[in-house]
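Enquirer: The structure that follows is given in the form of structure tokens.
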Ligand SMILES: [Zn+2]
């Protein structure tokens, strides 16, 4: 089915999309007889945000007027947001995958769901149209906005969870983690839903542990984005994320463009099989992940991602060009009870800024926890080099990027 859908997409792209007419012929994927040669698929140049910006017109399908298209933008978690077009066919497929993934968590279409959602939509909180509100009510959804959660708001959200008793909570990974830590700190009782589904942002093992402990339930991690929709989701065996093969073709590549082995981290490259108005073929989404070395005992048979480890730019680079997994910093800072939130920024190879929001704004961590912070510095220098300069900055709040995805680590070193 995937091969058939991929073949149809490539034929459509060659016939109707000026950009792809050129690249598919040049790469030999469409031969002189206009036949698709899938074995040459990996010769298609990768599509990235820069190409999408400069070739925006050339990427649109000539038959777009027949496709009920709409414009969308990706959140600019790294630099400028990018514009693209999606169509109704894509939208419906995406809704269908959501329903399938929900069922994996045991939620059927009408079971109560709370969405703890934190994007720029927060600005619309309480101002949604009557149609939107009615839709949510009919679908048994309660939306809580999480871009900037104060203690008062978090208390209110816990009360709403306890009252509404959702079957499932669908949440931004960082938001539900922040809420879980708050509940634990305040020792509040909280209703335990059957499942918590996390999306948008990386769910690190440490975050999963806290969320599952506080809510006394299992996390189902999902992976997707505005540009490509829902790509993969965990099943109830929790062995990794199953790729939605009916709708997406996923590759994981090394820097030289060859495919990675299972267990080996590489860059995710995604082809969306059902967005004909502006095809995404071999789209370099900017995330890093790996294939699982195992098969899943649920026997769904769908390809299994071991993990999505975060953004390419979450990875730090040392002077020798060695990639350092940003999650190292999570290990150093997550277990500090005085830290409410943090963000680690690599400004230059040997210049690292750590932003800290303390739990108690009146107890300056530079006075009260100097030793622990010195220890963090020392450990970072062990990894990044002894001459690496580490500075701490006290913050009142650190906001997520406009996409709502919160980033623990950001590397600004060019690669
Ligand atoms: Zn499975």
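The values are calculated or read from the model by the stated rules, or taken from the named source; none is laboratory data. The structure presented is a predicted model; accordingly, all values stated were derived computationally and were not measured. Counting neighbours? That spans all protein chains shown, and the Cβs are built from the backbone with ideal geometry, glycine included.
Enquirer: Quick one: what pairs do we get from the stretch 229-250, first residue free of Cβ contacts under 8 Å to residues at least 40 places away in the same chain and within 14 Å of residue 96 (Cα to Cα), second part of a strand (DSSP E or B) and within 11 Å of the ligand (Cβ to nearest atom), C-beta under 6 Å, 6+ apart or different chains?
Expert: As it stands, the answer is none, since no pair meets every condition given.
Enquirer: Is one or more of the residues making up the stretch 201-214 at negative phi, surrounded by fewer than 17 Cβ atoms within 10 Å (Cβ to Cβ) and touching a strand residue (DSSP E or B) at 6+ places or on another chain (Cβ under 7 Å)?
Expert: Yes, the stretch 201-214 has at least one match.
Enquirer: Within the stretch 220-233, does at least one residue satisfy the condition of being under 30 Å from residue 193 (Cβ atoms), surrounded by fewer than 19 Cβ atoms within 10 Å (Cβ to Cβ) and within 16 Å of the ligand (Cβ to nearest atom)?
Expert: Residues of the stretch 220-233 under 30 Å from residue 193 (Cβ atoms): 220-233.
Within this subset, residues satisfying the condition of being surrounded by fewer than 19 Cβ atoms within 10 Å (Cβ to Cβ) are 226.
Filter again for within 16 Å of the ligand (Cβ to nearest atom), leaving none.
Looking through the stretch 220-233, none of the residues is under 30 Å from residue 193 (Cβ atoms), surrounded by fewer than 19 Cβ atoms within 10 Å (Cβ to Cβ) and within 16 Å of the ligand (Cβ to nearest atom).
Enquirer: So residue 239 passes all but one of these: (1) within 16 Å of the ligand (Cβ to nearest atom); (2) modelled with pLDDT of 95 or more; (3) closer than 29 Å to residue 332 by Cα. Which condition number does it fail?
Expert: Of everything listed in (1) within 16 Å of the ligand (Cβ to nearest atom); (2) modelled with pLDDT of 95 or more; (3) closer than 29 Å to residue 332 by Cα, residue 239 misses just condition (2).
Enquirer: Kindly provide the set of residues from the stretch 381-412 that are assigned to a helix (DSSP H, G or I) and in contact with a helix residue (DSSP H, G or I) (Cβ under 7 Å, 6 or more places away or on another chain), ordered by number. So that I can check it myself, show each step before the final result.
Expert: Quick first cut of the stretch 381-412, residues assigned to a helix (DSSP H, G or I) only: 381-384.
Within the stretch 381-412, 383 is the sole residue that qualifies.
Enquirer: How many residues are away from the ligand (no atom under 16 Å from the Cβ) and touching a strand residue (DSSP E or B) at 6+ places or on another chain (Cβ under 7 Å) if we restrict to the stretch 251-267?
Expert: Going through the stretch 251-267, the residues away from the ligand (no atom under 16 Å from the Cβ) turn out to be 251-261, 263-267.
If we keep only those that are touching a strand residue (DSSP E or B) at 6+ places or on another chain (Cβ under 7 Å) as well, we get 251-254, 259-260, 263-267.
Count: 11.
Enquirer: Would you confirm whether or not the stretch 65-76 contains a residue that is free of Cβ contacts under 8 Å to residues at least 12 places away in the same chain, closer than 16 Å to residue 13 by Cα and more than 19 Å from the chain's Cα centre (by Cα)? I'd like the intermediate steps shown before the answer.
Expert: The initial filter retains those residues of the stretch 65-76 that are free of Cβ contacts under 8 Å to residues at least 12 places away in the same chain, namely 65-66.
Imposing the further condition that a residue be closer than 16 Å to residue 13 by Cα reduces the set to 65-66.
After this cut, where a residue has to be more than 19 Å from the chain's Cα centre (by Cα) as well, the list is 65-66.
Yes, the stretch 65-76 contains at least one residue that is free of Cβ contacts under 8 Å to residues at least 12 places away in the same chain, closer than 16 Å to residue 13 by Cα and more than 19 Å from the chain's Cα centre (by Cα).
Enquirer: Now a separate question. Just checking, does the stretch 342-355 include any residue being within 16 Å of the ligand (Cβ to nearest atom) and in a loop (DSSP other than H, G, I, E, B)? Even if it seems obvious, please write down each step before you answer.
Expert: Residues of the stretch 342-355 within 16 Å of the ligand (Cβ to nearest atom): none.
No; the residues of the stretch 342-355 include none that is within 16 Å of the ligand (Cβ to nearest atom) and in a loop (DSSP other than H, G, I, E, B).
Enquirer: Answer yes or no: is there a residue in the stretch 378-393 that is crowded, with 19+ Cβ neighbours inside 10 Å and touching a residue at least 40 places away in the same chain (Cβ under 8 Å). Let's see the steps before the verdict.
Expert: Initially, the stretch 378-393 is screened for residues crowded, with 19+ Cβ neighbours inside 10 Å, giving 380, 384, 388, 390.
Next, only the ones that are touching a residue at least 40 places away in the same chain (Cβ under 8 Å) stay: 380, 384.
So far as the stretch 378-393 goes, yes, one or more of its residues are crowded, with 19+ Cβ neighbours inside 10 Å and touching a residue at least 40 places away in the same chain (Cβ under 8 Å).
Enquirer: Taking the conditions exactly as written (exposed (fewer than 13 other Cβ atoms within 10 Å of the Cβ), over 21 Å from residue 180 (Cβ atoms) and without any contact (Cβ under 8 Å) to a residue 60 or more places away in the chain), does residue 374 satisfy them or not?
Expert: Numbers: exposed (fewer than 13 other Cβ atoms within 10 Å of the Cβ): yes; over 21 Å from residue 180 (Cβ atoms): yes; without any contact (Cβ under 8 Å) to a residue 60 or more places away in the chain: yes.
Considered against the rule, which asks whether it is exposed (fewer than 13 other Cβ atoms within 10 Å of the Cβ), over 21 Å from residue 180 (Cβ atoms) and without any contact (Cβ under 8 Å) to a residue 60 or more places away in the chain, residue 374 comes out as yes.
Enquirer: Failed condition for residue 246, given (1) in contact with a strand residue (DSSP E or B) (Cβ under 8 Å, 6 or more places away or on another chain); (2) at pLDDT below 95, with all others met?
Expert: Answer for residue 246: the failing condition is (1).
Enquirer: Taking the stretch 194-205, which residues are outside any loop (DSSP other than H, G, I, E, B) and either within 12 Å of the ligand (Cβ to nearest atom) or farther than 20 Å from residue 263 by Cα (or both)?
Expert: To start, the set of residues in the stretch 194-205 that are outside any loop (DSSP other than H, G, I, E, B) comprises 195-199, 205.
Scanning the stretch 194-205 gives 195, 196, 197, 198, 199.
Enquirer: Would a scan of the stretch 304-314 turn up a residue that is buried (at least 21 other Cβ atoms within 10 Å of the Cβ), at pLDDT 95 or above and within 16 Å of the ligand (Cβ to nearest atom)?
Expert: Yes, that holds for at least one residue.
Enquirer: Can you name the residue in the stretch 318-341 that is under 22 Å from residue 240 (Cα atoms) and outside any loop (DSSP other than H, G, I, E, B) and, of all such residues, is modelled with the lowest pLDDT?
Expert: Pass one, the stretch 318-341, residues under 22 Å from residue 240 (Cα atoms): 325-328, 330-331.
Subset that is outside any loop (DSSP other than H, G, I, E, B): 327-328, 330-331.
Working: 327: 70, 328: 75, 330: 76, 331: 75.
Of everything passing the filter in the stretch 318-341, 327 is modelled with the lowest pLDDT.
Enquirer: Which ones in the stretch 214-236 are assigned to a loop (DSSP other than H, G, I, E, B), out of contact with any helix residue (DSSP H, G or I) (no Cβ under 8 Å at 6 or more places or on another chain) and at pLDDT 95 or above?
Expert: Narrowing the stretch 214-236 to residues assigned to a loop (DSSP other than H, G, I, E, B): 216-217, 226-228, 235-236.
Pick out the ones that are also out of contact with any helix residue (DSSP H, G or I) (no Cβ under 8 Å at 6 or more places or on another chain) and you get 216-217, 226-228.
Of everything in the stretch 214-236, those that are assigned to a loop (DSSP other than H, G, I, E, B), out of contact with any helix residue (DSSP H, G or I) (no Cβ under 8 Å at 6 or more places or on another chain) and at pLDDT 95 or above turn out to be 216, 217.
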